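The values are calculated or read from the model by the stated rules, or taken from the named source; none is laboratory data. Every value quoted in this text rests on a predicted model; they were computed, and no experiment measured them. Backbone-built Cβ (ideal geometry, glycine too); neighbour counts: all protein chains shown.
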Amino acid sequence: DVDVPESHPRYESLLTRHRIEAGVDAGITSRQGLIAQGRGEAYDYLLGEATIDSADRAERAAAAYLLGADHAVVSVNGNAAALVPGELVELAAATGADLEVNLFNRTEERIERIADYLREHGADEVKGLTADGRIPGLDHERAKVDADGIGDADVVLVPLEDGDRAEALGELGKTELVVDLNPLSRSARAATVPIVDNIIRAIPGITAHARDLADDADAQRAAIERFDADAALSDAEAAIRGGV
Ligand code: PTJ
């Protein structure tokens, strides 16, 4: 369905763009998601479209937090669902986390479609449809979460989150793991673990680390202790600026 020659130097990037376009056509991704993707691509280009070392350490720390959580939830929006549906299901299975559809531009129809799409990719249970919990400090629609999902979670992974909501979730005392290619974004800065990497590499990266860290409490503790959020953000910014 995608006609991009594999020999094209920017093959991955073009494939990613097609997935977002298809997501919009299928009613999974919002039209604003196209703009968000464009912004992300620009940062990824400057990062060399690769996972930098500090992002890999962030992915390992994120895996450790997910494994060590009382209740971990992986939040899924329209961009994440279009880009890495199967990978999100695998991450949830590898860490014991719940999947919850949680949208910035919330519509019931899009939530249903994303939940169906995740189920088609192997998810058993998908939260986000009950919406009986609220994040304080946000307007009504953007505040809706499941009380027994994000509402109850101690650790939440939020890919490509809006800054306002990332800050509001952080204020609830939840450990926030954020995937965002912009190291200057408020979401990345509000995160306990900012992961400055493309979601298409970050989610499989976290899953690989989770498999490696499973059943090893010492290694999980070490991954968390070794990770420094401020250093990771500075490192990513330096990489984007060309190593200065
Ligand atoms: O599906 P919804 O309604 O929940 O909406 C989702 C979007 C992403 C449209 C919404 O949350 C939004 O508008 O987000 P922003 O404010 O555009 O922020 C998205 C952030 O994610 C930006 O800092 C981008 O650089 C970054 N980003 C975009 N694509 C990727 C990315 N980070 C990692 N991987 C990507 N592929």
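Please specify each residue of the range 126-146 satisfying the condition of being over 17 Å from Ala166 (Cβ atoms) and either loosely packed, with under 13 Cβ neighbours inside 10 Å or of a type in the set (D, E, K, R) (or both). Answer for the range 126-146, where residues must be over 17 Å from Ala166 (Cβ atoms) and either loosely packed, with under 13 Cβ neighbours inside 10 Å or of a type in the set (D, E, K, R) (or both): Lys127, Asp132, His140, Asp146. Candidates in the range 143-187 are the residues that are within 12 Å of the ligand (Cβ to nearest atom) and of a type in the set (S, T, N, Q); of these, the one that is farthest from Thr130 (Cα to Cα) is Asn182.
Can you confirm whether Ala131 is within 16 Å of the ligand (Cβ to nearest atom), within 17 Å of Asp25 (Cα to Cα) and either touching a residue at least 24 places away in the same chain (Cβ under 8 Å) or out of contact with any Phe, Trp or Tyr (no Cβ under 9 Å at 6 or more places or on another chain) (or both)? When the stated conditions are applied, Ala131 does not pass them.
In this structure, Gly137 does satisfy being at pLDDT below 95 and among the small types (Gly, Ala, Ser). When the residues of the range 61-84 are filtered to those that are of a type outside the set (A, V, I, L, M) and surrounded by 24 or more Cβ atoms within 10 Å (Cβ to Cβ), the one that is nearest to Ala231 (Cα to Cα) is Tyr65. Inclusion of Arg241 among residues that are modelled with pLDDT under 95, of a type in the set (D, E, K, R), over 12 Å from the mean Cα position of the chain (by Cα) and surrounded by fewer than 21 Cβ atoms within 10 Å (Cβ to Cβ) is warranted. When the range 1-29 is limited to residues that are at pLDDT below 95, part of a helix (DSSP H, G or I) and more than 16 Å from the chain's Cα centre (by Cα), the one that is farthest from the ligand (Cβ to nearest atom) turns out to be Tyr11. Tell me, yes or no, whether the range 140-151 has at least one residue that is touching a residue at least 40 places away in the same chain (Cβ under 8 Å) and within 30 Å of Ser13 (Cβ to Cβ). Looking for residues that are touching a residue at least 40 places away in the same chain (Cβ under 8 Å) and within 30 Å of Ser13 (Cβ to Cβ), one finds none in the range 140-151, hence no.
Among the candidates Asn79, Asn105, the residue that is at pLDDT 95 or above, among the polar types (S, T, N, Q) and not in a strand (DSSP E or B) is uniquely Asn79.
Could you check the range 118-144 and list, in sequence order, the residues that are closer than 20 Å to Ala81 by Cβ and not hydrophobic (A, V, I, L, M, F, W, C)?
Once the filter is applied, which keeps residues that are closer than 20 Å to Ala81 by Cβ and not hydrophobic (A, V, I, L, M, F, W, C), the range 118-144 yields Arg119, Glu120, His121, Gly122, Asp124, Glu125, Lys127, Gly128, Thr130, Glu141, Arg142, Lys144.
Counting only residues that are within 16 Å of the ligand (Cβ to nearest atom) and aromatic (Phe, Trp, Tyr), the range 30-70 holds 2 of them.
Residues are listed down the side, and each one gets a yes or a no for (1) more than 13 Å from the ligand (Cβ to nearest atom); (2) touching a Gly at 6+ places or on another chain (Cβ under 6 Å); (3) more than 17 Å from Ile199 (Cβ to Cβ); (4) of a type in the set (S, T, N, Q):
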{"residue": "Ala72", "(1), (2), (3), (4)": "yes, no, yes, no"}
{"residue": "Glu109", "(1), (2), (3), (4)": "no, no, yes, no"}
{"residue": "Ile114", "(1), (2), (3), (4)": "no, no, no, no"}
{"residue": "Gly122", "(1), (2), (3), (4)": "yes, no, yes, no"}
{"residue": "Lys127", "(1), (2), (3), (4)": "yes, yes, yes, no"}
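In summary, Ala115 fulfils each of the numbered conditions (1) out of contact with any His (no Cβ under 9 Å at 6 or more places or on another chain); (2) touching a residue at least 24 places away in the same chain (Cβ under 8 Å) with the single exception of condition (2).
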